[in-house]
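Beneath this line is the structure, given in structure tokens, with notes to follow.
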């Protein structure tokens, strides 16, 4: 299960699109009871602590600076930056709001930082508005375009994102994150070549840019080039060994390379770094289920649910375990629980529908399969499943219609044409049955070894073809050829 690409991009860029802390310097006179000199000294110490990787010490010093001078806008600005880097988004946004009110010289940076925090809080409208404000203050502020583009991309506006990233690059031609972000937008818009060129440019500017290696690993994984995927994710981990998403990706690659032990090790590492990583719990549980370690798999899926209670993945994993144990009632219960939190989850609907179908509940199966068609009208499998459920209900005309649509969506799948031939025979359409059966054999010659009950011989069908070509008057002559 690959992580959403926009989510991966956001996680990689958050640390980069925050406007960096400002070195404290005197601005205007402090309030009478404030000690601005002390506040300046404490704030500069906080920045040094942050640069040295000591987040808690930096925050403590910022608190003391604000206690020394509660109208010191730069202290709020810097504390907001630190809190944003520490994933305390709401507190970060609150601090940047205070900085906006107190320090006019930092408006564009404070608006940008608050936009990043709003984005992380999924307040997209407010985030875009803050970017717009930062750009209105300084139309050449590249950071604000990068931030706005990231927000637009995460909300699905990839064309708007692309325009912002291009503007950011125009203003700062040597900014690797902007090229990486534009490359990601191009991939979303179907320009794989352009996207890869941007990733290459980002790596030229920064050979150790871990996000680009991570993204390239994902793309190679999706195209089944697992060795290249392995090489890139290892490069990413060389730059950032503490990134749980990178360990998860490495686990995914090891699974495809059939190195399950290393895959579990990587999932373990991801969970150790982020005990709430639902993806890693799900992946580890899925792998354990494949190895028939059902009790351990169920525990992992429980942790997945606890980490992401509004997502269906953990319930799907539990359903899969119960299916393997032939406990179909429990499996249906878990799929239903998954649909309670995600009513339009395709996999839950398909899984529940399939179990209902195998139990002979064709009506219930058809309800679920129809919803999968609504969710993905271009899925040949969804249409095919509807056809089978209709066939089970003896709705032959509907079944034929479903399979015809499915054959158009998957024109090289021999079994669809074979099943169509069976339906045509039951409907008394021998010529159509012949046509579909021949299509099935053309796609898979072994189908010729599986005759269809009720289909008359090729010789008889060829004779029918010839008579039909003569005209309507030949219809009566067909009767002796058709099966009784």
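What follows draws every value from the coordinates through simple rules; no lab data is involved. All values reported here derive from a predicted model rather than from experimental measurement. Because the Cβ atoms are built from the backbone with ideal geometry, glycine has one as well, and the counts that use them run over all protein chains shown.
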Fill in the blank from the handout: For the stretch 386-437, the Cα-Cα pair-distance distribution in 10 Å bins from 0, as whole percents, is 30, 59, 11
Practice task
Counting only C-alpha contacts under 8 Å and six or more residues apart, can you give the relative contact order of the chain as a whole percent?
Solution key: 5
Practice task
In square nanometres and to one decimal, what's the mean projected area of the convex hull around the Cα atoms of the stretch 189-343?
Solution key: 10.1
Completion exercise
Reduced to Cα centres, the span from the stretch 59-88 to the stretch 178-200 in Å works out to 37
Problem - Exposure proxy order (Cβ contacts within 10 Å, fewest to most) of 277, 210, 51 - result: 51, 210, 277
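By how many nm would the segment from residue 326 to residue 239 lengthen if fully extended, with 0.36 nm per residue of separation less the alpha-carbon distance?
26.8 nm
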Handout entry: Computed over the stretch 283-391: relative contact order in percent, which uses C-alpha pairs under 8 Å that are six or more apart
Key = 16
Practice task
For the chain, find the longest principal axis of its Cα atoms and tell me its angle to the long axis of helix 362-375, 0 to 90°, nearest 10.
Solution key: 50
Problem - Degrees, to the nearest 10: 107-120 long Cα axis against longest axis of the chain - result: 40
Problem - Within the chain, helix-based [θ] at 222 nm, where runs of 4 or more DSSP H residues each add -39,500 (n - 2.57), nearest 500 - result: -23500 deg cm²/dmol
Problem - Whole-Å distance, taken between Cα centres, linking the stretch 225-242 and the stretch 248-320 - result: 20
Fill in the blank from the handout: Per residue convex hull volume, Cα only, the stretch 327-374, in Å³ is 55
Problem - Part-to-part distance (alpha-carbon centres) for the stretch 97-144 and the stretch 326-392, which is given in Å - result: 46
Practice task
Find the all-direction average of the projected area of the Cα convex hull for the stretch 171-273, expressing the result in square nanometres with one decimal place.
Solution key: 6.5
Practice task
At 0.36 nm per residue, minus the direct Cα-Cα distance, what do residue 231 and residue 87 gain on full extension? Give it in nm, one decimal, please.
Solution key: 48.9 nm
Practice task
Calculate the all-directions average of the projected area of the chain's alpha-carbon convex hull, and give it in nm².
Solution key: 29.9
Practice task
Decide, for the stretch 97-229, between rounded, prolate and oblate: order the square roots of the alpha carbon gyration tensor eigenvalues as a ≥ b ≥ c, take rounded if a/c falls under 1.5, and otherwise choose prolate if a/b is larger than b/c, else oblate.
Solution key: prolate
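Sorted by mean Cβ packing within 10 Å, highest first, what order do the peptides 228-235, 423-430 take?
Answer by packing, highest mean first, reads 228-235, 423-430.
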Exercise for the section: Have a look at the stretch 314-442 and give its Rg and Dmax from the Cα atoms, expressed in angstrom. Expected result: 15.8, 49
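Once you order the gyration tensor axes a ≥ b ≥ c over the Cα atoms, which shape class does the stretch 236-295 get: rounded for a/c under 1.5, otherwise prolate or oblate by comparing a/b with b/c?
Numbers: a/c = 2.71, a/b = 1.46, b/c = 1.85.
Cα axes put the stretch 236-295 in the oblate bin.
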Practice task
Could you state the angle between the C-alpha long axis of helix 210-222 and the longest principal axis of the C-alpha atoms of the chain, as a value from 0 to 90 degrees rounded to the nearest 10?
Solution key: 0
